[in-house]
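S.K.: I'd like to ask you about the structure that follows.
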Amino acid sequence: MSQPTVHICLSPALYPMYHSNERIVVIVDILRATSAICTALQHGMKSVIPVATIDQANQFVGDDYIIAAERGGEIVNGFAYGNSPLAYINNPQTFGKHLVLTTTNGTQAIETARLSQTLVIGSFCNISALTQWIVKRNQDVMILCAGWKNRINLEDTIFAGALLDSLLRQGFSMDIDTDAGITALSLFRLSEADIKAFLKQSSHNQRLSRLNLDEDITYCLTRNTTPIVPILQQERLVIST
Ligand code: MLT
(Lines give C-alpha, C1' and ligand atoms only; values in the text may rest on other atoms or scores of the structure.)
Protein backbone atom coordinates (compact mmCIF):
# COMPACT_ATOMS: atom_id res chain seq x y z
CA MET A 1 0.00 0.00 0.00
CA SER A 2 1.31 3.47 -0.82
CA GLN A 3 2.18 5.91 1.96
CA PRO A 4 -0.43 8.56 2.84
CA THR A 5 0.34 11.98 1.40
CA VAL A 6 0.37 15.39 3.08
CA HIS A 7 -1.02 18.29 1.02
CA ILE A 8 -0.65 21.90 2.12
CA CYS A 9 -3.21 24.52 1.16
CA LEU A 10 -1.66 27.90 2.00
CA SER A 11 -4.87 29.94 1.81
CA PRO A 12 -8.60 29.21 2.13
CA ALA A 13 -9.00 30.79 -1.33
CA LEU A 14 -7.11 27.79 -2.76
CA TYR A 15 -9.26 25.23 -0.93
CA PRO A 16 -11.37 24.16 -3.95
CA MET A 17 -8.13 23.10 -5.67
CA TYR A 18 -7.17 20.81 -2.78
CA HIS A 19 -10.53 19.48 -1.65
CA SER A 20 -10.97 15.71 -1.63
CA ASN A 21 -13.22 13.64 0.61
CA GLU A 22 -10.40 11.18 1.11
CA ARG A 23 -8.29 13.72 3.03
CA ILE A 24 -8.34 14.57 6.72
CA VAL A 25 -8.48 18.39 6.91
CA VAL A 26 -6.33 20.08 9.58
CA ILE A 27 -7.29 23.73 10.15
CA VAL A 28 -4.43 25.98 11.24
CA ASP A 29 -4.58 29.53 12.58
CA ILE A 30 -1.62 29.73 14.93
CA LEU A 31 -2.15 33.41 15.89
CA ARG A 32 -4.57 32.71 17.47
CA ALA A 33 -7.84 30.93 16.71
CA THR A 34 -6.71 27.29 16.58
CA SER A 35 -4.44 27.82 19.62
CA ALA A 36 -7.43 29.30 21.49
CA ILE A 37 -9.72 26.40 20.48
CA CYS A 38 -7.23 23.78 21.73
CA THR A 39 -6.78 25.73 24.97
CA ALA A 40 -10.49 26.26 25.66
CA LEU A 41 -11.19 22.53 25.31
CA GLN A 42 -8.10 21.58 27.33
CA HIS A 43 -9.31 23.85 30.13
CA GLY A 44 -12.75 22.35 30.54
CA MET A 45 -14.97 24.03 27.99
CA LYS A 46 -17.50 21.47 26.72
CA SER A 47 -17.30 22.41 23.05
CA VAL A 48 -16.35 25.20 20.69
CA ILE A 49 -18.97 26.28 18.15
CA PRO A 50 -17.19 28.12 15.33
CA VAL A 51 -19.37 30.57 13.42
CA ALA A 52 -18.59 32.92 10.56
CA THR A 53 -20.50 36.03 11.61
CA ILE A 54 -21.29 38.06 14.70
CA ASP A 55 -25.00 37.72 13.96
CA GLN A 56 -24.66 33.93 14.01
CA ALA A 57 -22.78 34.12 17.31
CA ASN A 58 -25.56 36.19 18.85
CA GLN A 59 -28.11 33.45 18.08
CA PHE A 60 -26.71 31.42 20.99
CA VAL A 61 -28.45 32.65 24.09
CA GLY A 62 -28.29 31.39 27.66
CA ASP A 63 -25.97 30.59 30.53
CA ASP A 64 -24.51 27.55 28.78
CA TYR A 65 -22.75 29.72 26.21
CA ILE A 66 -19.80 32.08 26.24
CA ILE A 67 -19.81 34.21 23.11
CA ALA A 68 -16.41 35.35 21.84
CA ALA A 69 -15.85 37.65 18.89
CA GLU A 70 -12.61 38.94 17.39
CA ARG A 71 -11.95 41.12 14.36
CA GLY A 72 -8.57 42.46 13.34
CA GLY A 73 -6.98 41.05 16.51
CA GLU A 74 -9.29 42.96 18.87
CA ILE A 75 -12.28 41.91 20.94
CA VAL A 76 -15.39 43.17 19.16
CA ASN A 77 -17.16 45.96 21.06
CA GLY A 78 -19.84 44.64 23.36
CA PHE A 79 -18.23 41.21 23.88
CA ALA A 80 -16.35 40.11 26.99
CA TYR A 81 -14.22 37.50 25.23
CA GLY A 82 -12.14 37.42 22.06
CA ASN A 83 -9.50 35.13 20.72
CA SER A 84 -6.90 35.15 23.48
CA PRO A 85 -6.13 31.57 24.57
CA LEU A 86 -5.01 32.93 27.94
CA ALA A 87 -8.60 33.99 28.72
CA TYR A 88 -9.67 30.34 28.85
CA ILE A 89 -6.97 28.98 31.13
CA ASN A 90 -8.16 28.06 34.64
CA ASN A 91 -11.15 30.34 34.24
CA PRO A 92 -14.11 29.30 36.44
CA GLN A 93 -16.38 31.49 34.32
CA THR A 94 -15.70 29.57 31.12
CA PHE A 95 -15.20 26.07 32.58
CA GLY A 96 -18.05 23.69 31.64
CA LYS A 97 -19.53 26.10 29.07
CA HIS A 98 -19.79 26.00 25.28
CA LEU A 99 -17.66 28.60 23.51
CA VAL A 100 -19.28 30.25 20.48
CA LEU A 101 -16.39 31.74 18.54
CA THR A 102 -16.16 34.02 15.53
CA THR A 103 -12.78 35.32 14.34
CA THR A 104 -11.32 37.16 11.36
CA ASN A 105 -9.76 34.14 9.65
CA GLY A 106 -9.68 30.96 11.76
CA THR A 107 -13.41 30.37 11.98
CA GLN A 108 -13.75 31.41 8.32
CA ALA A 109 -11.29 28.65 7.35
CA ILE A 110 -13.37 26.17 9.36
CA GLU A 111 -16.45 27.40 7.52
CA THR A 112 -14.69 26.84 4.19
CA ALA A 113 -13.98 23.20 4.99
CA ARG A 114 -17.03 22.51 7.19
CA LEU A 115 -18.41 19.80 4.89
CA SER A 116 -15.25 17.73 4.80
CA GLN A 117 -15.58 14.23 6.23
CA THR A 118 -12.98 14.72 8.95
CA LEU A 119 -11.96 18.16 10.19
CA VAL A 120 -9.53 18.59 13.09
CA ILE A 121 -7.73 21.53 14.66
CA GLY A 122 -3.96 21.98 14.69
CA SER A 123 -1.68 24.29 16.64
CA PHE A 124 1.73 24.19 18.30
CA CYS A 125 -0.27 23.52 21.51
CA ASN A 126 -1.20 20.03 20.26
CA ILE A 127 1.32 19.25 17.51
CA SER A 128 2.59 15.95 18.99
CA ALA A 129 -0.88 14.63 19.86
CA LEU A 130 -2.12 15.65 16.42
CA THR A 131 0.78 13.89 14.70
CA GLN A 132 0.03 10.66 16.58
CA TRP A 133 -3.70 11.02 15.87
CA ILE A 134 -3.06 11.37 12.12
CA VAL A 135 -0.54 8.52 12.08
CA LYS A 136 -3.14 6.19 13.62
CA ARG A 137 -5.64 7.04 10.86
CA ASN A 138 -3.06 6.43 8.14
CA GLN A 139 -4.96 8.58 5.65
CA ASP A 140 -4.08 11.44 3.28
CA VAL A 141 -4.06 14.84 4.96
CA MET A 142 -4.69 18.41 3.87
CA ILE A 143 -3.30 21.13 6.12
CA LEU A 144 -5.46 24.22 5.53
CA CYS A 145 -3.77 27.45 6.60
CA ALA A 146 -6.21 30.20 7.57
CA GLY A 147 -3.77 32.97 6.58
CA TRP A 148 -4.98 36.56 6.66
CA LYS A 149 -8.05 37.45 4.62
CA ASN A 150 -7.24 34.79 2.03
CA ARG A 151 -3.60 35.90 1.84
CA ILE A 152 -0.69 33.74 2.94
CA ASN A 153 0.91 34.27 6.33
CA LEU A 154 4.20 33.17 7.82
CA GLU A 155 3.06 31.55 11.08
CA ASP A 156 0.51 29.17 9.56
CA THR A 157 2.94 28.23 6.77
CA ILE A 158 5.70 27.52 9.31
CA PHE A 159 3.36 25.36 11.39
CA ALA A 160 2.30 23.48 8.24
CA GLY A 161 6.02 22.82 7.65
CA ALA A 162 6.47 21.63 11.26
CA LEU A 163 3.54 19.21 11.03
CA LEU A 164 4.70 18.02 7.62
CA ASP A 165 8.18 17.44 9.07
CA SER A 166 6.69 15.33 11.92
CA LEU A 167 4.57 13.29 9.50
CA LEU A 168 7.46 12.70 7.09
CA ARG A 169 9.38 11.25 10.04
CA GLN A 170 6.45 8.83 10.54
CA GLY A 171 6.58 7.58 6.95
CA PHE A 172 4.08 9.93 5.29
CA SER A 173 4.98 11.43 1.94
CA MET A 174 4.67 14.99 0.68
CA ASP A 175 2.58 16.17 -2.27
CA ILE A 176 5.12 17.08 -4.93
CA ASP A 177 2.69 18.18 -7.64
CA THR A 178 2.92 21.69 -6.19
CA ASP A 179 5.63 23.55 -4.27
CA ALA A 180 3.49 24.30 -1.20
CA GLY A 181 5.01 21.44 0.80
CA ILE A 182 8.60 22.33 0.02
CA THR A 183 7.84 26.01 0.71
CA ALA A 184 6.40 25.23 4.16
CA LEU A 185 9.13 22.76 5.01
CA SER A 186 11.89 25.16 3.95
CA LEU A 187 10.40 27.99 6.01
CA PHE A 188 10.06 25.71 9.02
CA ARG A 189 13.68 24.56 8.75
CA LEU A 190 14.87 28.15 8.32
CA SER A 191 12.99 29.27 11.42
CA GLU A 192 12.92 26.29 13.75
CA ALA A 193 15.90 27.33 15.88
CA ASP A 194 13.92 30.37 17.06
CA ILE A 195 10.46 30.63 15.57
CA LYS A 196 9.53 33.51 17.86
CA ALA A 197 12.41 35.66 16.61
CA PHE A 198 11.74 34.67 12.99
CA LEU A 199 8.09 35.66 13.32
CA LYS A 200 8.96 39.23 14.29
CA GLN A 201 8.60 39.85 10.54
CA SER A 202 5.09 38.42 10.41
CA SER A 203 2.38 41.01 9.77
CA HIS A 204 -0.05 39.52 12.27
CA ASN A 205 2.67 39.13 14.88
CA GLN A 206 3.31 42.87 14.50
CA ARG A 207 -0.42 43.60 14.65
CA LEU A 208 -0.79 41.63 17.91
CA SER A 209 2.34 43.21 19.32
CA ARG A 210 0.91 46.69 18.68
CA LEU A 211 -2.12 45.54 20.70
CA ASN A 212 0.21 44.48 23.59
CA LEU A 213 -0.57 40.81 23.03
CA ASP A 214 3.02 39.48 23.12
CA GLU A 215 2.12 37.05 25.90
CA ASP A 216 -0.45 35.48 23.58
CA ILE A 217 2.18 35.12 20.86
CA THR A 218 4.61 33.37 23.22
CA TYR A 219 1.86 31.02 24.39
CA CYS A 220 0.71 30.20 20.85
CA LEU A 221 4.27 29.24 19.84
CA THR A 222 4.78 26.92 22.83
CA ARG A 223 4.63 23.28 21.85
CA ASN A 224 2.52 20.56 23.42
CA THR A 225 0.60 22.34 26.13
CA THR A 226 -2.26 19.90 25.49
CA PRO A 227 -2.68 16.24 24.46
CA ILE A 228 -6.09 16.82 22.88
CA VAL A 229 -7.23 16.92 19.25
CA PRO A 230 -10.38 18.95 18.58
CA ILE A 231 -12.64 17.40 15.91
CA LEU A 232 -15.74 18.84 14.24
CA GLN A 233 -18.88 16.85 15.02
CA GLN A 234 -22.02 18.38 13.51
CA GLU A 235 -21.59 22.07 14.32
CA ARG A 236 -19.30 21.65 17.34
CA LEU A 237 -15.63 21.08 17.94
CA VAL A 238 -15.13 18.55 20.70
CA ILE A 239 -12.20 16.51 22.01
CA SER A 240 -11.60 13.52 19.75
CA THR A 241 -11.62 10.22 21.66
C1 MLT B 1 -8.09 35.09 13.18
O2 MLT B 1 -8.97 34.24 13.20
O3 MLT B 1 -7.87 35.82 12.23
C4 MLT B 1 -7.18 35.29 14.31
O5 MLT B 1 -6.96 34.20 15.05
C6 MLT B 1 -6.83 36.66 14.67
C7 MLT B 1 -6.45 36.87 16.11
O8 MLT B 1 -7.33 36.89 16.97
O9 MLT B 1 -5.30 37.03 16.43
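The values are calculated or read from the model by the stated rules, or taken from the named source; none is laboratory data. Not measured: the values here are computed from a predicted model. Virtual Cβ from ideal backbone geometry, glycine too; neighbours counted across all protein chains shown. Accessible surface is based on the protein model in full, side chains and every heavy atom, while ligands, DNA and RNA are left aside. Shrake-Rupley method; radii C 1.70, N 1.55, O 1.52, S 1.80 Å.
S.K.: Only one of (1) open to solvent by less than 10 Å² (accessible area, probe 1.4 Å); (2) small (Gly, Ala, Ser); (3) modelled with pLDDT under 95 fails for Ala69. Which number is that?
M.R.: So the condition that Ala69 fails would be (3).
S.K.: Might you check whether a residue that is more than 14 Å from the ligand (Cβ to nearest atom) and aromatic (Phe, Trp, Tyr) occurs anywhere in region 167-175?
M.R.: Within region 167-175, one or more residues are more than 14 Å from the ligand (Cβ to nearest atom) and aromatic (Phe, Trp, Tyr).
S.K.: Search region 94-115 for residues that are over 21 Å from Met45 (Cα atoms) and pair each with any residue that is open to solvent by less than 10 Å² (accessible area, probe 1.4 Å) and among the β-branched types (Val, Ile, Thr) when their beta-carbon atoms are under 7 Å apart and the residues are at least 6 apart or on different chains.
M.R.: Going by the 7 Å Cβ cut-off, the qualifying pairs are Ala109/Ile27; Ala113/Val25; Ala113/Ile27.
S.K.: Another question about this same structure. I'd like the residue in region 10-47 that is touching a His at 6+ places or on another chain (Cβ under 9 Å), away from the ligand (no atom under 16 Å from the Cβ) and not small (Gly, Ala, Ser) and, out of all such residues, is nearest to Ile143 (Cα to Cα).
M.R.: Across region 10-47, the extreme among qualifying residues is Val25.
S.K.: Assuming Pro16 fulfils every condition listed in (1) without any contact (Cβ under 8 Å) to a residue 60 or more places away in the chain; (2) in contact with a strand residue (DSSP E or B) (Cβ under 7 Å, 6 or more places away or on another chain) apart from one, which condition is it?
M.R.: If we test Pro16 against (1) without any contact (Cβ under 8 Å) to a residue 60 or more places away in the chain; (2) in contact with a strand residue (DSSP E or B) (Cβ under 7 Å, 6 or more places away or on another chain), just (2) comes out false.
S.K.: If you go through region 1-36, how many residues are surrounded by fewer than 24 Cβ atoms within 10 Å (Cβ to Cβ) and small (Gly, Ala, Ser)?
M.R.: 4
S.K.: Is there any pair with a first residue in region 153-170 that is part of a loop (DSSP other than H, G, I, E, B) and a second that is buried (at least 24 other Cβ atoms within 10 Å of the Cβ) whose Cβ atoms are under 6 Å apart and which are 6 or more apart or on different chains, and what are they?
M.R.: Partner pairs satisfying both residue conditions: Asn153/Gly147.
S.K.: Same structure again: Please determine, by comparing only the residues of region 207-240 that are basic (Lys, Arg) and within 16 Å of the ligand (Cβ to nearest atom), which one is surrounded by the most Cβ atoms within 10 Å (Cβ to Cβ).
M.R.: The residue in question is Arg207.
S.K.: Here's something else I'd like to know. What's the total number of residues in region 70-125 that are within 16 Å of the ligand (Cβ to nearest atom), in a loop (DSSP other than H, G, I, E, B) and aromatic (Phe, Trp, Tyr)?
M.R.: Selection size over region 70-125: 1.
S.K.: Among the numbered criteria (1) open to solvent by less than 50 Å² (accessible area, probe 1.4 Å); (2) of a type in the set (S, T, N, Q); (3) in a loop (DSSP other than H, G, I, E, B); (4) at pLDDT 95 or above, which one does Thr39 miss?
M.R.: (3)
S.K.: Select from region 209-241 the residues that are out of contact with any helix residue (DSSP H, G or I) (no Cβ under 7 Å at 6 or more places or on another chain), of a type outside the set (Asp, Glu) and part of a loop (DSSP other than H, G, I, E, B) and list them in ascending order.
M.R.: Scanning region 209-241 gives Leu211, Asn212, Leu213, Gln234, Thr241.
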